[in-house]
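The values are calculated or read from the model by the stated rules, or taken from the named source; none is laboratory data. Computed from a predicted model, the values in this text were never measured in an experiment. No Cβ is skipped: glycine too gets one built from the backbone with ideal geometry, and neighbour counts run over all protein chains shown.
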Amino acid sequence: MIWFAVLAGSIGCYLEKLVGYFLPHSVLENPSVRRVAGLLPVALLAALVAVQTFAVGQTLVIDARLAGLAAAIIALMLRAPFLVVVVVAAVTAAALRAAGLGT
Amino acid sequence: MSTPDLPSSHRRRITSSAVGIGLATGAYGLSFGAISVASGLTAVQTQTLSLLMFTGGSQFALVGVLGAGGGAIAAVLTAWLLGARNGMYALSMAPTLQVTGLRRLAAAELTIDESTAMALAHPEPPEAARHAFWRTGLSVYVLWNIGTLLGALGAAAIGDPATLGLDAAIPAAFIALLWPRLVDRTMWAVALAGAAVALVLTPLLRPGLPVLAAGLVALVASMLIGRRT
């Protein structure tokens, strides 16, 4: 099941890259193609942020992950590099749990 | 990969930026490796993703959806949708790179955010753009995979992901990927709408599907903008 996702996902993502080298360049001139390509990652990444922060299965909860996300946003506003953002979020959540706050 | 007409000082400058970008993404690969193993993938599956899929957003999305209990199909579709932008990068790189045969297959694999951005940042002469693309692509490929390996082995060695806050690292990774894209009001509106759609649908649909549904927000927004202009 996981192997299927890993391989099907990888092959599809590779073909998406490859197909761009075979299509006519004029596809890029289509404004709606360009718009969707720019907006799609934004909608999907924002949805992933929301779900990974609040969802446990099909239930919405508030737990230490939200504090981690807030810490990550502060780090981003301070222009911290990627790894720092991720570590700050993890440490914040872990510290709250160790202190018995948040689950 | 040969760049005969480029002065060596110019070439060295590009190469050193490429290595810098590779080191930064290697650190990010470290977090991918750790998060992937914490999400339930084996180290081998995690490394396979970095070797074959080689596009960070899609890799995080795939392990995120699987780790949240979403089905394999939802995980694969989310990864594909996020990877679609690489096809646009390939389209814009094709006239510059002029690749055929095996080199085209290799160029395709290395067509990601970083290599495309570096090539676009060095448009003239075309040799500089080609050098920037290949050097950045190769440097990110090698260091991303080393980072993944170290992160996966590290996470496999430690216990419960929640104690270390690795579950909180996942949304942080996604917001860090999203942040540079929030450049104007339209992007903020699409992001907030996407997040809202996913949260409203979470109690109603299997994990993974709410994120896919949020992809529709991008289509609707694109149609609305198209009608307005």
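Tabulated values for the structure
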{"item": "Criterion violated by B:ASP160 - all others in (1) out of contact with any Lys or Arg (no Cβ under 9 Å at 6 or more places or on another chain); (2) under 26 Å from B:ARG85 (Cα atoms) satisfied", "result": "(2)"}
{"item": "Residues of region A:66-88 that turn out to be at the interface with chain B (Cβ under 7 Å from one of its Cβ atoms) and either modelled with pLDDT of 95 or more or in a loop (DSSP other than H, G, I, E, B) (or both), as a count", "result": "6"}
{"item": "Residue pairs meeting the criteria (Cβ under 8 Å; at least 6 apart or on separate chains; first at the interface with another protein chain (Cβ under 7 Å from one of its Cβ atoms), in region A:36-49; second not in a helix (DSSP H, G or I))", "result": "A:VAL42/B:LEU182"}
{"item": "Of residues in region A:25-35 being among the polar types (S, T, N, Q) and in a helix (DSSP H, G or I), the one farthest from the other protein chains (Cβ to nearest Cβ)", "result": "A:SER26"}
{"item": "The one condition in (1) facing another protein chain (nearest Cβ under 8 Å); (2) surrounded by 15 or more Cβ atoms within 10 Å (Cβ to Cβ) that A:GLY102 fails to fulfil", "result": "(1)"}
{"item": "Near pairs, Cβ below 7 angstrom, 6+ apart or cross-chain, from region B:88-103 (assigned by TED's automatic domain parsing to the domain that holds B:THR136) to any residue that is among the charged types (D, E, K, R) and surrounded by 17 or more Cβ atoms within 10 Å (Cβ to Cβ)", "result": "B:ALA90/A:LYS17; B:THR96/B:ARG130; B:LEU97/B:ARG130"}
{"item": "The one condition in (1) assigned to a helix (DSSP H, G or I); (2) surrounded by fewer than 17 Cβ atoms within 10 Å (Cβ to Cβ); (3) over 15 Å from the mean Cα position of the chain (by Cα); (4) in contact (Cβ under 8 Å) with a residue 40 or more places away in the chain that B:ALA18 fails to fulfil", "result": "(2)"}
{"item": "Pair list, Cβ under 8 Å, 6 or more apart: region A:86-103 residue more than 16 Å from B:ALA172 (Cβ to Cβ), other residue in a helix (DSSP H, G or I) and of a type outside the set (D, E, K, R)", "result": "A:LEU101/A:ALA64; A:THR103/A:ALA64"}
{"item": "Among (1) more than 22 Å from B:SER50 (Cβ to Cβ); (2) free of Cβ contacts under 8 Å to residues at least 24 places away in the same chain - the single one B:ALA172 does not satisfy", "result": "(1)"}
{"item": "Of the criteria (1) in a helix (DSSP H, G or I); (2) within 7 Å of chain A (Cβ to nearest Cβ); (3) within 16 Å of A:LEU7 (Cα to Cα), which one B:LEU41 fails", "result": "(1)"}
